[in-house]
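Beneath this line is the structure, given in structure tokens, with notes to follow.
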Amino acid sequence: MQDNALLNKLLIFANKFSSQRHITAIRDGFVALISLTIIASFWVLINNLILSPQNGLLKNVAGAARWMDLGSQVYNATLGIMGILIACTIGYKLSQSYGEDGLFGGVMGIVSFVLVLPAQTTLVDIKGNSVTAGAVLTQTQTSATGMFLAIIATLISVTLLNKFSKNDKLKIKMHESVPPSIARSFNVLIPAFLVTTIIGLVEVLVVWLLHTDIPALIERFFQAPLLASFQSLGGVLIYVFLSNLLWAFGLHGTFILGSIGEPVMLTAIQQNMDALKKGTELPNIVTKPFLDCFGWMGGGGMLFCLVIAILIASKREDYRSITKVGLIPSAFNVSEPLMFGLPVVFNPLLAVPLIVVPMITTTIAYVATSVGLIAKTSALIPWTTPPILSGYLATNGDWKASVLQVILLALGVVIYLPFVYLTNREKS
């Protein structure tokens, strides 16, 4: 009874966490940009795998490298401004959750993000000459590297905007003959003025009193520690453990915790991609494609291993029938048909390998990457990319990463098999 009570409390907490308006806004904001990240990743792969004059497939073809300009343009307009885009989408979704105008919430997200960026930026040319310029946005600030700051600024500004907008004393009443769209704009005039003044004042005071700026403070005290924690083996294993523990209880672990982990891991892959473009050492092991390739093959719990194990050893017709239906989705890392069809969730026998297998495969991949057996991930591939192909693409063409994926799949199958044999003894 006590165990059930504890489980119910955990489920209630997890549901409240996943449905909290700010967490939901972050999650939905990222979902809205999936297509753009896939487009940008496609061109990064084209540039590095095919067109690159150093190691591309067409490196000996005259004029091929010139076409890298096209990929660079697309990248600059997508991942290159990811911080701005995420400020807009999160602001839109959060404002809607308050029942306010989503469009103006998106605008306020962008405005607040730019408000906390430095008023002056030091630029360095290819000869090493530096110059200080005002009102300049660099890609370091606007890309996924600045995304963490964009999220914080947007959440604070839109929340304040909503609080002020609820106060009738701060609304400018317009005559009934005024079109509703214009009237709404004047209704938020004073609240928006207050929000921009407050956020701008904070940035100015930080510069005056602390001789630094808000992006530097966020980087030092929040983003860098979070990124460092994910880059440690212990840190990423805690994330993997919690994600699959939630799955075991019927909750979408990667979806719930993605609001925390995804901004950090997208920043990590952005840093790797920037280093790749500069020809320097890639700094990060753990990125979003790293987990997609080595921790989530077949979806949460490395379920593609379970698919193979069931097809090999299961004598239960219900398991085999459901697995055949879920085979194709699982090959593209969609786990829901099996998670809820078999089911895997709330299944004491399958919960153990569901949690253990991804932790083992992630550990092996982490060690293999850290000692240089496989390349670090440097391309943000779609999470639906099938195993084996995903390892090759995410590591910018390292075939050894695909071989490692095959080994990890085989190991996962071996671990799942005893539990599949045990399910044979259950009544279908």
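The values are calculated or read from the model by the stated rules, or taken from the named source; none is laboratory data. What you see is a predicted model; the values in this text were computed from it and never measured. Neighbour counts are summed over all protein chains in view; Cβ atoms, including those assigned to glycine, are modelled from backbone coordinates with ideal geometry. Calculation scope for accessible area: heavy atoms of the full protein, side chains included, ligands and nucleic acids excluded. Shrake-Rupley method; radii C 1.70, N 1.55, O 1.52, S 1.80 Å.
What to note about this one:
- Test for Gly200: is it over 22 Å from Leu266 (Cβ atoms) and either assigned to a helix (DSSP H, G or I) or in contact with a strand residue (DSSP E or B) (Cβ under 8 Å, 6 or more places away or on another chain) (or both): yes
- The single residue among Asn48, Asn55 that is surrounded by fewer than 16 Cβ atoms within 10 Å (Cβ to Cβ), in contact with a Leu (Cβ under 9 Å, 6 or more places away or on another chain), polar (S, T, N, Q) and at pLDDT below 80 turns out to be Asn55.
- Residue list for the range 62-85, filter: touching a residue at least 40 places away in the same chain (Cβ under 8 Å), among the small types (Gly, Ala, Ser) and within 16 Å of Lys278 (Cα to Cα): Gly80
- Hits in the range 55-94 (condition: of a type in the set (Gly, Ala, Ser) and more than 22 Å from Leu36 (Cα to Cα)): Gly56, Ala62, Gly63, Ala64, Ala65
- The residue list Ala351, Ala410, Ala401 contains one member that is closer than 19 Å to Gly300 by Cβ and either charged (D, E, K, R) or assigned to a helix (DSSP H, G or I) (or both), which is Ala351.
- Complete set of residues in the range 165-182 that are part of a helix (DSSP H, G or I) and farther than 13 Å from Asp101 by Cα: Asp168, Lys169, Leu170
- Taking the listed residues Lys93, Lys163, the one that is open to solvent by 60 Å² or more (accessible area, probe 1.4 Å), modelled with pLDDT of 85 or more and under 29 Å from Leu227 (Cα atoms) is Lys93, with no other qualifying.
- Boolean, Asn347 is under 21 Å from the mean Cα position of the chain (by Cα) and not basic (Lys, Arg): no
- Restricting attention to the range 137-150, the residues being closer than 19 Å to Ile23 by Cα and either open to solvent by 10 Å² or more (accessible area, probe 1.4 Å) or small (Gly, Ala, Ser) (or both) number 5.
- Taken as a whole, the condition of being surrounded by 11 or more Cβ atoms within 10 Å (Cβ to Cβ), at pLDDT below 90 and in a helix (DSSP H, G or I) applies to Ser185.
- Residue within the range 73-81 that is open to solvent by 20 Å² or more (accessible area, probe 1.4 Å), more than 30 Å from Phe249 (Cα to Cα), more than 24 Å from the chain's Cα centre (by Cα) and modelled with pLDDT of 85 or more present: no
- Any hit, the range 354-369, residues being among the small types (Gly, Ala, Ser) and at pLDDT below 95: no
- Of all residues in the range 44-61, those that are closer than 16 Å to Asp274 by Cα have Cβ atoms under 6 Å from Cβ atoms of residues that are in a loop (DSSP other than H, G, I, E, B), 6 or more apart or on another chain, in Val44/Ala379; Leu45/Ala379; Asn48/Asn396; Leu49/Gly397.
- Restricting attention to the range 24-43, the residues being in contact (Cβ under 8 Å) with a residue 40 or more places away in the chain, more than 19 Å from Leu276 (Cβ to Cβ) and of a type in the set (S, T, N, Q) number 1.
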